[in-house]
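Here's the structure we're looking at; comments come further down.
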Amino acid sequence: GAGVSQTPSNKVTEKGKYVELRCDPISGHTALYWYRQSLGQGPEFLIYFQGTGAADDSGLPNDRFFAVRPEGSVSTLKIQRTERGDSAVYLCASSSRGMSGGAYNEQFFGPGTRLTVL
Amino acid sequence: AQSVTQLGSHVSVSEGALVLLRCNYSSSVPPYLFWYVQYPNQGLQLLLKYTSAATLVKGINGFEAEFKKSETSFHLTKPSAHMSDAAEYFCAVRKGAQKLVFGQGTRLTINP
């Protein structure tokens, strides 16, 4: 079946502009995650959705970053007033439900969106 | 706080040689540990996971990892490297209920 898809695959923008990055999770997955991977680093957690609600947004670096998942499927990561330091690969992952207690539900990752802020 | 440290940002081995990628963890609770692989222009793929059952964990593509509490380590090994193993490898630990905390990654190069 189809995996997690992310669009666009590449996005080049100018400093100060607004961007939206889209994630289509695996069908039926209720949990959705956003991570950011800077050059030479491992992915860093940004936000986690369970259904439509953001259950944990503690990784969002500041209030320029916002994410939504209005119907509990597709999610959009929105970045306002982009800065050069926002340049990174933004990864989305989904799982059948969030990890809780002793259960682990594998997070399936998309190929990412490479954002370049000039 | 849960974290992982990967020793060596680049590892190079010859085809057919042993692969050893090192990961040490820090955790205040029994950890859930993972190894992911990332091929160029592709998403992360789970290789294997440790969730407090057997300490020797076997994964896909012939990889395995051993959880050693006394050494706080979870090193990834493969007896014989293939050219197709060339990729970036990430160790990760579960933090809280939902987050994964990743190491900085190790780029594995296979020499013919």
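The values are calculated or read from the model by the stated rules, or taken from the named source; none is laboratory data. Because the structure is a prediction, the values reported are computed rather than measured. Neighbour counts run over all protein chains shown; Cβ positions are idealised from the backbone, glycine included.
Of all residues in segment B:68-84, exactly one satisfies the criterion of being among the aliphatic types (A, V, I, L, M) and part of a loop (DSSP other than H, G, I, E, B), namely B:Ala81. Of everything in segment B:56-73 that is free of Cβ contacts under 8 Å to residues at least 24 places away in the same chain and more than 14 Å from the chain's Cα centre (by Cα), the residue that is surrounded by the most Cβ atoms within 10 Å (Cβ to Cβ) is B:Lys69. Taking the criterion of being more than 14 Å from chain A (Cβ to nearest Cβ) and either at pLDDT below 95 or in a loop (DSSP other than H, G, I, E, B) (or both), the only residue of segment B:85-103 that qualifies is B:Ala86. Apart from one condition, A:Ser96 fits all of (1) touching a residue at least 60 places away in the same chain (Cβ under 8 Å); (2) touching a Leu at 6+ places or on another chain (Cβ under 9 Å); (3) of a type in the set (Gly, Ala, Ser); the exception is (2). Scanning segment B:32-44 for residues that are closer than 22 Å to B:Gln2 by Cβ and either more than 7 Å from chain A (Cβ to nearest Cβ) or among the small types (Gly, Ala, Ser) (or both) yields B:Leu33, B:Phe34, B:Trp35, B:Tyr36, B:Val37, B:Gln38. One residue alone among A:Glu71, A:Glu20, A:Glu106, A:Glu44 is under 28 Å from B:Thr106 (Cβ atoms), surrounded by fewer than 16 Cβ atoms within 10 Å (Cβ to Cβ) and of a type in the set (Asp, Glu), and that residue is A:Glu106.
Residue-by-condition table, conditions (1) within 11 Å of chain B (Cβ to nearest Cβ); (2) more than 30 Å from B:Ser9 (Cβ to Cβ):
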residue	(1), (2)
A:Ser9	yes, no
A:Thr13	no, no
A:Lys17	no, yes
A:Thr30	no, yes
A:Gly42	yes, no
A:Phe49	yes, yes
A:Pro70	no, yes
A:Val74	no, yes
A:Leu77	no, no
